[in-house]
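Enquirer: Quick one: the structure is below, and I'll ask about it shortly.
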Amino acid sequence: MFATLLLAAGLTGTAAFDADTIPKAQSEITAACGARPALIVRWDAFGDDDSAAQTLIGDGLSFLTTAFKTVCADATLKGEVAKQIRKIALTQAYGAADPIVYISEGTLNVEYLWIKGEPVPDAAVVAAEIAARLRGEEAEAP
């Protein structure tokens, strides 16, 4: 745990992101879905790749909140969000150009290769992937 804190401390702006952007996104997800899953970024997965972390920080979480607004517009899926998702974890992926979205033990994992100058995950793609997981469809292997 201490090593994780040291790695995260080395990435510029992560504390402010965790303190400001994450609660704002949680509030937007709660407003759309009626559920308030915990939301974390696994900064340790970024290693010392500050440019990737800055891409996530700079773009914020609008792709995620937009995806949840789309998913929760469907009453059945809205109910499934409350039943199936207790936590949302974002992490840096290596080798996958598209977001990888899967649910494991109540955690919705969104893995993406954040690269400086590249777009954030497409909200429509993330929404479709979340909806598929909530319906019990398995994620495709990268």
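The values are calculated or read from the model by the stated rules, or taken from the named source; none is laboratory data. Please read these numbers as outputs of a predicted model, since none were measured by experiment. Cβ: placed from backbone, ideal geometry, glycine included. Neighbour counts: every protein chain shown.
Enquirer: Could we say that ALA97 is among the aliphatic types (A, V, I, L, M) and in a helix (DSSP H, G or I) here?
Expert: no
Enquirer: Just checking, does segment 102-111 include any residue being modelled with pLDDT of 95 or more, out of contact with any Lys or Arg (no Cβ under 8 Å at 6 or more places or on another chain) and in a helix (DSSP H, G or I)?
Expert: Among the residues of segment 102-111, not one is modelled with pLDDT of 95 or more, out of contact with any Lys or Arg (no Cβ under 8 Å at 6 or more places or on another chain) and in a helix (DSSP H, G or I), which makes the answer no.
Enquirer: Can you tell me how many residues in segment 68-98 are buried (at least 22 other Cβ atoms within 10 Å of the Cβ) and within 10 Å of the chain's Cα centre (by Cα)?
Expert: 2
Enquirer: Also, I was wondering about something else. Considering only residues that are over 11 Å from PHE68 (Cα atoms) and surrounded by fewer than 17 Cβ atoms within 10 Å (Cβ to Cβ), which ones fall in segment 14-33?
Expert: Just the residues of segment 14-33 that are over 11 Å from PHE68 (Cα atoms), to begin with: 14-24, 27.
Hits for segment 14-33 are ALA15, ALA16, ASP18, ALA19, ASP20, PRO23, LYS24, SER27.
Enquirer: Cβ-Cβ below 6 Å, separation at least six or inter-chain, first residue in segment 92-111 and within 23 Å of ARG135 (Cα to Cα), second crowded, with 19+ Cβ neighbours inside 10 Å and acidic (Asp, Glu): which pairs?
Expert: ILE100/GLU111; VAL101/GLU129
Enquirer: Look through segment 80-91, keep the residues that are touching a residue at least 24 places away in the same chain (Cβ under 8 Å) and not β-branched (Val, Ile, Thr), and return whichever of them is nearest to GLU111 (Cα to Cα).
Expert: Once the filter is applied, the top-ranked residue is LEU90.
Enquirer: Within segment 71-91, which residues are under 13 Å from ILE130 (Cβ atoms) and in a loop (DSSP other than H, G, I, E, B)?
Expert: ALA73, ASP74, ILE85, listed by residue number.
Enquirer: Looking only at segment 124-140, how many residues end up being closer than 16 Å to ALA97 by Cβ and not in a helix (DSSP H, G or I)?
Expert: Counting residues in segment 124-140 that are closer than 16 Å to ALA97 by Cβ and not in a helix (DSSP H, G or I) gives 2.
Enquirer: Which members of segment 112-127 meet the condition of being in contact with a strand residue (DSSP E or B) (Cβ under 9 Å, 6 or more places away or on another chain) and over 12 Å from LEU56 (Cα atoms)?
Expert: Scanning segment 112-127 gives VAL125, VAL126.
Enquirer: Which condition number does PRO121 fail, the rest of (1) at pLDDT 90 or above; (2) more than 21 Å from CYS72 (Cα to Cα); (3) in a loop (DSSP other than H, G, I, E, B) being met?
Expert: (2)
Enquirer: Note down all Cβ pairs under 8 Å where the first residue falls in segment 58-79 and is under 17 Å from PRO99 (Cα atoms) and modelled with pLDDT of 95 or more, the second is part of a helix (DSSP H, G or I) and of a type outside the set (A, V, I, L, M), and they're at least six residues apart or on different chains.
Expert: So the pair list comes out as LEU61/THR21; LEU61/LYS24; THR65/GLU28; PHE68/GLU28; PHE68/CYS33; VAL71/CYS33; VAL71/LYS78.
Enquirer: Considering only residues of segment 124-142 that are in contact with a helix residue (DSSP H, G or I) (Cβ under 7 Å, 6 or more places away or on another chain) and buried (at least 18 other Cβ atoms within 10 Å of the Cβ), which is nearest to THR91 (Cα to Cα)?
Expert: VAL126
Enquirer: Name the pairs: first residue in segment 37-54 and assigned to a loop (DSSP other than H, G, I, E, B), second residue of a type in the set (Ser, Thr, Tyr), Cβ to Cβ under 7 Å, at least 6 apart or on different chains?
Expert: Once the first residue is assigned to a loop (DSSP other than H, G, I, E, B) and sits in segment 37-54, its partners that are of a type in the set (Ser, Thr, Tyr) give ARG42/THR91.
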